[in-house]
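I have placed the structure first, in the form of structure tokens, so that the comments after it can refer back to it.
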Amino acid sequence: MIQTIPSSPFTDQKPGTSGLRKKVRVFAQPNYAENFIQSVFDAVQPEAGSTLVIGGDGRYHNRTVIQAAIRIAAANGYGRVLVGQGGILSTPAASHVIRKYGASGGLILSASHNPGGPDEDFGIKYNIANGGPAPEAITDAIFARTKVIDRWLTVEAADVDLDTLGSQQVAGTTVEVIDSVADWADLMETLFDFPAIRAAVAGGLSMAFDAMHAVTGPYAVEVLERRLGFRPGTVQNGVPLEDFGGHHPDPNRVHAKVLFDLMFSPDAPAFGAASDGDGDRNLIVGKGIFITPSDSLAMLAANAHLAPGYAKGLAGIARSMPTSAAADRVAEALGIPAFETPTGWKFFGTLLDAGKATICGEESAGTGSDHVREKDGLWAVLLWLNILAARGESMEAIARQHWAKFGRNYYARHDYEALPKDDAEALMAALEASFPTLPGKAFGPLTVEKADSFAYTDPVDGSFSANQGLRVLFVGGSRIVLRLSGTGTEGATLRLYLERYEPAGGTLDADTDAMLSDLIAAAEAIAGIAARTGRSAPDVIT
Ligand code: VG1
Ligand code: CO
């Protein structure tokens, strides 16, 4: 029997860069999660009998929302719900499961790199039938619905046993609890040369992987230790915990410091990697060398043909606007198109579906390909391992050869977290207002060529997105970009992206901080971050 539960709208359910993210205590209010999930179903209007995928990164509140979502899905006419065992599905695994089983969509319960626990963050994201994040037209429709919703639907049914594989019935809907890892792991075997990687491991290739007590633990143990033969213990912090052990599951030099320190110590293995809360990001560190995510994207694209799944070459490479232009130079050398999209994976979906791009990436450590419609942290790790096995060279040697050929994009991102929202918005508004006066002005050795607010017209479906970040481009290819984060849950986070290009034959092995100091000074002169926020230094540098 379908029950109709009267409700009234919440005004703050606008999805951000990647779904709706709020504090757990916000999500735990009566009707809050239910309203949002019902708004998704009202907006997408699934055909009766459709399949829905549900899974999350295992954070606190995951199981509670999954049980509610199953009942709401049953009341809304879904015929089949696929749930990862224990409620666990990494974001890329969920994307694959949606595609593989012909689901009409999926709910991914995660706040990704944000911390978890009763006082921390939770999130819900809806993905469409291609496996990718809902595009803006759909997230706008969901938001519009949340503003007027007056009821949600459910059924009277007991909780599903999420821990036992197999089928159960919930009021006429079949709920299948599926293995969280197997489908995704099998897909990886179709893309990469597992025998060659196994042989390299047997020959001494060593690595360390930090799963950060987040969702990738079971995936990494299965693929790296069981299928590829890395020694047990290669995967550290491999058990998903509801509070990620009290840490931020954000794979960067601040939050994955233990891995960083190991990789720069005399005991470093050849290769180090980490992933984030929901398993879609990757951190790549070689023995004694950090590879920026932008460089990793470029190097993966340049070497992808060494993996069987990409042997026939790439159709194109796409990157988000703040990501460095390193990948563009690879695309140019390969004679394939390069695309520049706004921040967030949802903008890659049309390019991947249309076969225009094969590999995509973001400076925030997200890289992926057309194998799914999400970024995929362990996919990037496996492509690196395939390249290391095929080339038989060190990470450092591969990086140096890459820079010698293409030049080097020195790059850093400075984050100023938990700023008062009004201050951050005023800073951005003042910066944008100053743009007409900037071209031709000199800041130290840098002269402004152009300053604009990035806007994007999707080359496949023509959809238009304005206000996607402020950029100041300098003569010679250096630039600064400023954006406000769309994933935070407290105040505003200002991101300052810094990029300096050194062509082949230039200074290729200098210290990044030193190479970026003129840009940092220019950014302060132009945007007045310290002056306006009172912050003398960023909270996080990645
Ligand atoms: C951040 C990153 C962006 C990424 C998004 C979701 O967004 O900058 O590149 O796509 O997180 O990643 P923002 O708006 O805070 O800058 V995840 O791993 O949180 O799903
Ligand atoms: Co993530």
With respect to Q67, determine if the residue is more than 29 Å from F464 (Cα to Cα) and in a helix (DSSP H, G or I). yes
Which condition number in (1) part of a helix (DSSP H, G or I); (2) farther than 28 Å from D370 by Cα; (3) in contact with a Ser or Thr (Cβ under 9 Å, 6 or more places away or on another chain) is the one that G77 fails? (1)
For N114, work out the one condition from (1) under 28 Å from Q3 (Cβ atoms); (2) modelled with pLDDT under 95 it doesn't fulfil. (1)
Cβ contacts < 8 Å: first residue at pLDDT below 95, restricted to the stretch 262-278; second residue more than 16 Å from ligand 2 (Cβ to nearest atom), any location; separation 6+ or different chain. Result? none
Of all residues in the stretch 173-226 being in contact with a Pro (Cβ under 7 Å, 6 or more places away or on another chain) and among the β-branched types (V, I, T), the one that is nearest to S95 (Cα to Cα): V181
When the stretch 408-461 is examined, which residues are found to be of a type in the set (K, R) and without any contact (Cβ under 8 Å) to a residue 40 or more places away in the chain? K441, K450
Could you tell me whether any residue of the stretch 463-486 is within 16 Å of ligand 2 (Cβ to nearest atom), within 22 Å of the chain's Cα centre (by Cα) and assigned to a loop (DSSP other than H, G, I, E, B)? yes
For the stretch 379-392, check the following and say yes or no: at least one residue is touching a strand residue (DSSP E or B) at 6+ places or on another chain (Cβ under 9 Å), at pLDDT 95 or above, assigned to a helix (DSSP H, G or I) and closer than 26 Å to G486 by Cα. yes
Looking at the stretch 158-183 only, could you name the residues that are within 14 Å of Q85 (Cα to Cα), out of contact with any strand residue (DSSP E or B) (no Cβ under 8 Å at 6 or more places or on another chain) and either part of a strand (DSSP E or B) or among the hydrophobic types (A, V, I, L, M, F, W, C) (or both)? V181, A182
Hey, Q85 within 21 Å of D186 (Cα to Cα), modelled with pLDDT of 95 or more, more than 16 Å from ligand 1 (Cβ to nearest atom) and surrounded by fewer than 24 Cβ atoms within 10 Å (Cβ to Cβ) or not: yes
Strands (runs of 3 or more DSSP E) wholly in the stretch 271-373 with at least 2 residues that are surrounded by fewer than 20 Cβ atoms within 10 Å (Cβ to Cβ) - which ones? 338-341
Only one of (1) in contact (Cβ under 8 Å) with a residue 60 or more places away in the chain; (2) away from ligand 2 (no atom under 14 Å from the Cβ) fails for G355. Which number is that? (1)
Are any of the residues in the stretch 129-149 within 16 Å of ligand 1 (Cβ to nearest atom) and among the aliphatic types (A, V, I, L, M)? yes
Considering only residues of the stretch 362-378 that are under 18 Å from G286 (Cβ atoms) and in contact with a strand residue (DSSP E or B) (Cβ under 6 Å, 6 or more places away or on another chain), which is farthest from ligand 2 (Cβ to nearest atom)? T367
Those residues that are among the acidic types (D, E), surrounded by 20 or more Cβ atoms within 10 Å (Cβ to Cβ) and assigned to a loop (DSSP other than H, G, I, E, B), I need them from the stretch 96-147; list them, please. E120
Is it the case that the stretch 510-517 has a residue that's in a loop (DSSP other than H, G, I, E, B) and surrounded by fewer than 18 Cβ atoms within 10 Å (Cβ to Cβ)? yes
Answer yes or no: is there a residue in the stretch 309-323 that is among the polar types (S, T, N, Q), more than 22 Å from D57 (Cα to Cα) and away from ligand 2 (no atom under 16 Å from the Cβ). no
Among (1) more than 30 Å from A354 (Cβ to Cβ); (2) surrounded by 19 or more Cβ atoms within 10 Å (Cβ to Cβ); (3) within 16 Å of ligand 1 (Cβ to nearest atom), E490 falls short only on (2)
Quick one: would you say D328 is of a type in the set (D, E), in contact with a helix residue (DSSP H, G or I) (Cβ under 9 Å, 6 or more places away or on another chain) and either modelled with pLDDT of 95 or more or within 16 Å of ligand 2 (Cβ to nearest atom) (or both)? yes
When only residues in the stretch 203-235 that are part of a loop (DSSP other than H, G, I, E, B), in contact (Cβ under 8 Å) with a residue 60 or more places away in the chain and in contact with a strand residue (DSSP E or B) (Cβ under 9 Å, 6 or more places away or on another chain) count, which is farthest from H248 (Cα to Cα)? L205
For L498, work out the one condition from (1) at pLDDT 95 or above; (2) of a type outside the set (G, A, S); (3) closer than 21 Å to E417 by Cα; (4) over 29 Å from the mean Cα position of the chain (by Cα) it doesn't fulfil. (4)
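Residue-by-condition table, conditions (1) without any contact (Cβ under 8 Å) to a residue 12 or more places away in the chain; (2) polar (S, T, N, Q):
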site: F464; (1), (2): yes, no
site: L470; (1), (2): no, no
site: E499; (1), (2): no, no
site: D509; (1), (2): no, no
site: S517; (1), (2): yes, yes
site: A522; (1), (2): no, no
site: I526; (1), (2): no, no
site: A530; (1), (2): yes, no
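The values are calculated or read from the model by the stated rules, or taken from the named source; none is laboratory data. Given the structure is predicted, the values throughout are model-derived calculations rather than measurements. Because the Cβ atoms are built from the backbone with ideal geometry, glycine has one as well, and the counts that use them run over all protein chains shown.
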